[in-house]
Amino acid sequence: MDIKIEESWKQRLADEFDKPYFAELTRFVREEYGRGRCYPPGSQIFNAFNLCPFERVKVVIIGQDPYHEPGQAEGLCFSVADGVPAPPSLQNIFKEISSDLGRPAPTSGSLRRWAEQGVLLLNATLTVRAHAAGSHQGHGWETFTDAVIARLSAERDHLVFILWGSYAQRKGAVIDRQRHLVLQSAHPSPLSAHRGFFGNHHFSLTNDYLTQHGQQPINW
């Protein structure tokens, strides 16, 4: 797997790419993509990084696994390719944006526009086998994305980390909460959104914090 990742990230994560676990992960991913359909397309595996260089990150949203059905995953957590109907969790995210900010919900399910404004849309696992949720978990991606979170926490200041659901909250245990704002709530899945996701005001709270620290707010 040729690591086509934005240069600032390539430099920051060079030591991870050289570790034995990443060589094994690369071998596994190559085999999986060679054996059958996997998502996202190979060129989009590092999309979250390529659209949001290290020094431009303002906000980090942590997801779990790419979508595993055709045409959905584009390398950004919760995001689907333009023109693809928004899945239920994304619909609920858009409902909260509308309620929180008092404006119409976004019409496109692609969150590239967020990434380009400095929102790192980071799945814990960056690839998945078609029709098999969680199929690439436990092969090294989690170690890699833990390193990404730790590096951001240690080397940047005044970021906003958004952790929806218990999985993301465990993943965020390494974040320095004296240095960054950490927002937590239930997951936007229909199974849990009514247990604290709706009404969390994470989008306005994020923008308030960014403004307080001299940053341009996100146009959600």
- Within segment 1-37, count every residue that is within 15 Å of residue 49 (Cα to Cα), aliphatic (A, V, I, L, M) and not in a helix (DSSP H, G or I). 3
- Output the residues belonging to segment 160-216 that are of a type in the set (A, V, I, L, M) and in contact with a Lys or Arg (Cβ under 9 Å, 6 or more places away or on another chain). 160, 163, 186, 193, 210
- Task: Check off (1) buried (at least 16 other Cβ atoms within 10 Å of the Cβ); (2) aliphatic (A, V, I, L, M); (3) modelled with pLDDT under 95 for residue 152 and give me the number that stays unchecked.
- Result: (3)
- Message: Looking only at segment 208-220, how many residues end up being within 19 Å of the chain's Cα centre (by Cα), open to solvent by 30 Å² or more (accessible area, probe 1.4 Å) and touching a residue at least 24 places away in the same chain (Cβ under 8 Å)?
- Response: 1
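For segment 161-183, name all the residues that are in contact with a helix residue (DSSP H, G or I) (Cβ under 6 Å, 6 or more places away or on another chain) and over 16 Å from residue 78 (Cβ atoms).
Going through segment 161-183, the residues in contact with a helix residue (DSSP H, G or I) (Cβ under 6 Å, 6 or more places away or on another chain) turn out to be 161-163, 174-176, 181, 183.
Selection gives 174, 175, 176, 181.
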- Could you say whether any residue in segment 94-107 is touching a residue at least 12 places away in the same chain (Cβ under 8 Å) and touching a strand residue (DSSP E or B) at 6+ places or on another chain (Cβ under 6 Å)? no
- Message: What pairs come out if I take residues in segment 47-70 that are closer than 15 Å to residue 206 by Cβ and pair them with residues that are open to solvent by 50 Å² or more (accessible area, probe 1.4 Å) and part of a loop (DSSP other than H, G, I, E, B) whose C-beta lies under 6 Å away, six or more apart or interchain?
- Response: 58/215
- Among the numbered conditions (1) in a loop (DSSP other than H, G, I, E, B); (2) among the hydrophobic types (A, V, I, L, M, F, W, C); (3) open to solvent by 60 Å² or more (accessible area, probe 1.4 Å), tell me where residue 205 comes up short. (1)
- Message: Which numbered condition in (1) modelled with pLDDT of 95 or more; (2) more than 23 Å from residue 218 (Cα to Cα) is the only one that residue 42 fails?
- Response: (1)
- Item | Of all residues making up segment 4-36, the number that are within 21 Å of the chain's Cα centre (by Cα), over 19 Å from residue 143 (Cα atoms) and exposed (fewer than 12 other Cβ atoms within 10 Å of the Cβ) | 1
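The values are calculated or read from the model by the stated rules, or taken from the named source; none is laboratory data. Please read these numbers as outputs of a predicted model, since none were measured by experiment. Glycine gets a Cβ as well: all are built from the backbone with ideal geometry, and neighbour counts include every protein chain shown. Surface accessibility is based on the protein's heavy atoms, side chains included, excluding ligands, DNA and RNA. Shrake-Rupley method; radii C 1.70, N 1.55, O 1.52, S 1.80 Å.
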